[in-house]
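For reference, the structure is listed below as structure tokens.
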Amino acid sequence: MSAGFLTVAAGGPPARSPLAEGSHRGAELEERDGWMVVASYGDAEGESRARREAVGWADLSHLPKAELSGAGTWIGSPAEGLATPRGDGWSCPLTPRRALLVGDTGAPPEGATLDLTSSLGAISIVGPEARETIARFCALDTRAAVMPPFGFRPGSIARTPGYLLRAGEEAFLLIFGAAYGAYMWEVVADAGSRLGGRPVGAAALTPALPAPRQEVTTDA
Amino acid sequence: MSRLAATPGERIDRSRPLGFSFDGKPVTGYEGDTIVSALYADGRRVFSRSFKYHRPRGELCGCGQCANSLVDVDGSPGVRACGEPARAGMTVTHLNAWPSLEHDVMSATDRFGGRFTQVGFYYKTFIRPRRLWPVYEKVLRRAAGLGRLRERQDEREWETEYRRRHCDVLVIGGGVAGLAAAVRAAELGADVVLCDEDVEPGGALLFEGGQERARELADQARAAGVEVLTRAAAIGTFDDLVPVVQGSVLHQVRAARTIVAAGAIQQPLVFGDNDLPGIMLSGGARRLGALYGVAPGKAAVVATVDDRGLDDALALVAMGVEVRAVADLRPEVPGGPAARLREAGVEVLGGLTPVRGHGRRALEAVTVARPRGGGERRIDCDLLAVSAGAAPALSLALQGGARAAYDGARAAFRLTDLPAGMFAAGAAAGFDDRESAERSGLLAGAEAAASLGRHHPRLREEQVRLGGERPEPLVATPPAWAGEGGKAFVDLDEDVTVKDVKQAVAEGFESLELSKRYTTVTMGPSQGRFSQLPSARLIAAETGLDLETVGLTTARPPWTSVPLGVLAGRPFEAAKRSPVHARHRELGASVRWAGDWMRAYDYGDAEAETRAVHEAAGIIDVSTLGKLIVRGPEAGELLDRLYPNRISNLAPGRIRYGVLLTDAARITDDGTICRLDEETFYVTTTSSGAGAVEQWFTWWLADWGLDATVTDVTQGLAAINVAGPRVREVLARVTDLDVGKEAFPYLDAKQAKVGGVECLLLRIGFVGELGYEIHCAGAHGQALWDALADAGAELGVRPFGLEPQRVLRLEKQHIIVGQDTDSESTPYVAAMPWIVKLDKEQEFIGRWALEQRRGEAPPLELVGFRCADGKVPAEGSVVLGDDGTPAGEVTSARFSAKVDAVIGMARVPNELAADGARISISDGGQRIEAVVTKEPFFDPEGEVLRG
């Protein structure tokens, strides 16, 4: 036996995001890699504008997430607080012997992995008001001088344990316990809507969340 | 509406009138007015009544810091009318007077209160007879307070936002010093936030003729990138956090450096009837004229101890107020402003101070005299503008760890030591005049930036220069009080008089801290801004101590009063929800908190749900169970050291029950351990214990240095328990796995697809019936639930909630850790000695303590019981010993339809822990008789469970 029951298996019923109670409301859904993903909320142009001019947030809980443990070059240094791009994902160091792999990183050359995709919810927050939105529920310092793109911080996210990854200048990824999904969606929506933002689907999000392979300059 | 001629610096926009009501009468003001300035222009001088004596009170400070003009605005009491901008359509009413502001019944306490209003009266009177306190309390509560909150509120009044803001430098105070500091620090590259309580930064510059400079500095600050927060009060300093309240936004500012530039607070003078409407601070009078175009009076007397009062007198003259005299306490009034006053025809009287205000409802005249008597003069006036020196606003600095000492030359306390990371500028640093205050701000900004590695090339030069230019102010120390007769108030907020403080000292409350608690001096809404220095002075005079010895009271937040709604934050609760939560809602579940989870308590009929489990099958969402993956070459060794039984010899695909113990062998949690493969174990814990168990495992793992990892997957897995006699029929419809007794025996685990979902099936049963606990990725949880529910629909399967589960497990005498165990429960007490394997070769947590008790009968033992008369004892009820004294405790009790009796579990004395023993339970005075049953009430042999 293995811990395969942790993983969303191909061919089964579509996987449902832990945020679905909130994020699927009014959404147009499509199936991607076995998950029901929000394509849009019916106004792709408005959603793109929101994330360009204010802030947009999207349920990205379907992003693969795994714990990597053991020794190895992929772990990185937690002291630096920076995620390392790996494939189409990031390796985010937690301790000298553990890292959180986010996105499609491919298989690490060494160490053991454990699938945490279902254990952790994820919300991407993008746009010029992204930092202000996060500041409404999170005390982590997101100034570029302190947390440049690819910065990664474990910390309290809306009073729950979680992680914050800065994917780009104006793009962040909140990662948190899946059981808090509905709560977290409510919190982010409350904060973002006060700043002129709205929830967005994957279509509006894609250009704003840079793939890790991209070069990203810091505004530090 | 009477206004002065327009001036360049005024804040009102005369082209934009606005209307609101005060006590039901219409008032017209202008955009930019405060409530008080609009009411002043309308001819009103009284806005509320005082706290204790219900004396009419007029304006004092003119800037939102005093409690003299507290009003109710649109149903919210406690609003400071002198700082609150007037808004069109607002409804303003007075506070603390009935039936009207003009005629207040409770003002009788002022005239006839006598001994009933002296300090300490409540403490001494209402402590006896004790039984009457509820009556006293009712009456006192009705009489006390400053306004009434609405009793019903359908919606949250405060749409509060929390905003976290990190910065390099926080500047508290937007006067000339604060602005200069912010500009300098920002120009050196620091990320700067400045907060100021006023509607625009500039401080005293705005009404002392420096408005152009103020706006220039503010523009410079913004251009340099400073985030300027206006109408934003810093309410405290908490280590690295300064909360700043701005309307309904609470900025939680975390700054690497803090510059305190909060300015100084002009002080009142203490003399008889010093609270009459018309007596106000000279700075406040000047603000009214300069910012709002309102004449604070027609005929004025100015009383001062420093040049500030003289400057203010000149300003009053300039705005057209007839200043009949200036009483300056300094015998030799310095030239400059005094000469200009004399040139303007104002009589300047040296060595005099007010000793009595006159007037019934408002000031009509003032008597000035020498403090020790003599030289009395009565001068008719409707305005007495006072300046008893300026006390630097130190509270925020002191809260942050600064220290202060009394400065006789300034007749005020000043900062002496600042904690690391804190800087001071302006009046807080002892620089009172405009030019030196600005330079001190520039220097503080440069020093703060330099401490962050952003150096200013001429820092040392500026330090030297400023160090040499701190001018000694010419201030006379105001008397602790002056004159006789009338009520001389030391604290206008709380109506504390000179007599009160004297009496407190006479009764032994000689320290400022004790006197404060006895008299409530400094405890009002203005947080001692206008009463701390006068009360310290009075105690010094009464005790003969010097002011340095008397000191200040401990500075505590909030420095500015703040609605509780602002602190409450957004109305969201961090609830954990199972992946199946939405389905439970749709099924009509009654959802309740269970630890930090929201869980289905029942689906409307707990009894029918229980019956369904016994007669067909039931499904329950147990996703809340803690779940850990323990993996690595030494994972088995780790678990052997953590559990009192053997784990490492568990075969892959097998399950074992385990309890976790403290060093003292007390049970802290329980659950199952399933071995998935040689190096991987799947551990479940109680729902509420997951976090603690993970920490416990991780802590010991770090200590022992074993080659294993522990990962909490609680929130990643859904878990559904399906149990009941027809469970195999249900599963046969959704899985190809052979779930028969031989192929899938009790305590076995298997992986298989159920309803198309990859699952781990555990053959265990908390509820006693034949059951399977099915675990899968949370993202498939709802699909799995639906598959099981659909498959079982025709078979009578129904969902069941927590309450039926509690009944079912009680029938089986399965314990709930924390409910049936307490902090003293060992496995021996919990009737599970079989789980302790002292012959195990490994050391394990709790072993030593268990060895000490080996072979001993525990003093208490957990047993089942059945009640004879059908009464259900409350959990926590007392089990009585033979002599009728408390000897044990009921831990669980329910009525079980299956058993057709009230059943329960209790910790009872060892001698009663025997089948058939009779126990008496005392439940709130009611006696319930019960019989001990050590065997499970349902399926005692375990045939059903293992079947």
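Observations
- Here the strands (runs of 3 or more DSSP E) wholly within region B:554-664 that include at least 2 residues being buried (at least 18 other Cβ atoms within 10 Å of the Cβ) are B:597-602, B:618-621, B:626-631, B:655-661.
- Considering region B:770-856, the qualifying helices (runs of 4 or more DSSP H), each wholly inside and each with 2 or more residues that are under 40 Å from the mean Cα position of the chain (by Cα), run over B:781-793, B:802-811.
- Across region A:4-14, not a single residue is classified as within 21 Å of the chain's Cα centre (by Cα), more than 14 Å from every other protein chain (Cβ to nearest Cβ) and either crowded, with 19+ Cβ neighbours inside 10 Å or of a type in the set (Asp, Glu) (or both).
- Considering the conditions (1) outside the structural domain of residue A:196 (by TED's automatic domain parsing); (2) touching a residue at least 60 places away in the same chain (Cβ under 8 Å); (3) among the hydrophobic types (A, V, I, L, M, F, W, C), residue A:50 is excluded by exactly one of them, (1).
- Across region B:223-275, the number of residues qualifying as among the hydroxyl-bearing types (Ser, Thr, Tyr) and within 14 Å of chain A (Cβ to nearest Cβ) comes to 1.
- Among the conditions (1) within 33 Å of the chain's Cα centre (by Cα); (2) at pLDDT 95 or above, residue B:634 misses just one, which is (1).
- Applying the set (1) in contact (Cβ under 8 Å) with a residue 60 or more places away in the chain; (2) in contact with a His (Cβ under 8 Å, 6 or more places away or on another chain) to residue B:321 leaves exactly one unmet item: (2).
- The lone criterion from (1) more than 12 Å from every other protein chain (Cβ to nearest Cβ); (2) over 23 Å from residue B:670 (Cα atoms); (3) not in a helix (DSSP H, G or I) left unmet by residue B:730 is number (3).
- For region B:757-788, filtered to residues that are among the small types (Gly, Ala, Ser) and within 14 Å of chain A (Cβ to nearest Cβ), the residue that is farthest from residue B:578 (Cα to Cα) is B:787.
- Candidate set from region A:30-43 (those that are touching a strand residue (DSSP E or B) at 6+ places or on another chain (Cβ under 8 Å) and away from chain B (no Cβ under 14 Å)); member that is surrounded by the fewest Cβ atoms within 10 Å (Cβ to Cβ): A:42
- Taking the listed residues B:388, B:365, the one that is free of Cβ contacts under 8 Å to residues at least 40 places away in the same chain, of a type in the set (A, V, I, L, M, F, W, C) and closer than 27 Å to residue B:55 by Cα is B:365, with no other qualifying.
- Any hit, region B:893-903, residues being touching a strand residue (DSSP E or B) at 6+ places or on another chain (Cβ under 6 Å), surrounded by 13 or more Cβ atoms within 10 Å (Cβ to Cβ) and more than 30 Å from residue B:763 (Cβ to Cβ): yes
- Of all residues in region A:120-166, those satisfying the criterion of being among the hydroxyl-bearing types (Ser, Thr, Tyr) and within 17 Å of residue A:198 (Cβ to Cβ) are A:124, A:133.
- Note on region A:143-188: among residues that are farther than 29 Å from residue B:690 by Cα, among the aliphatic types (A, V, I, L, M) and out of contact with any Ser or Thr (no Cβ under 8 Å at 6 or more places or on another chain), the one that is surrounded by the most Cβ atoms within 10 Å (Cβ to Cβ) is A:147.
- Check on residue B:875, under 26 Å from residue B:606 (Cβ atoms), surrounded by fewer than 20 Cβ atoms within 10 Å (Cβ to Cβ) and among the charged types (D, E, K, R): yes
- Of all residues in region A:190-201, none satisfies being under 15 Å from the mean Cα position of the chain (by Cα), assigned to a strand (DSSP E or B), within 14 Å of chain B (Cβ to nearest Cβ) and closer than 18 Å to residue A:23 by Cα.
- Test: residue in region B:428-437 that is within 23 Å of residue B:309 (Cα to Cα) and among the aromatic types (Phe, Trp, Tyr): yes
- Residue in region A:111-120 that is within 13 Å of another protein chain (Cβ to nearest Cβ), in contact with an Asp or Glu (Cβ under 6 Å, 6 or more places away or on another chain) and not aromatic (Phe, Trp, Tyr) present: yes
The values are calculated or read from the model by the stated rules, or taken from the named source; none is laboratory data. Because the structure is predicted, anything quoted here is derived from the model rather than measured. Glycine also receives a Cβ, built like all others from the backbone with ideal geometry; neighbour counts cover every protein chain displayed.
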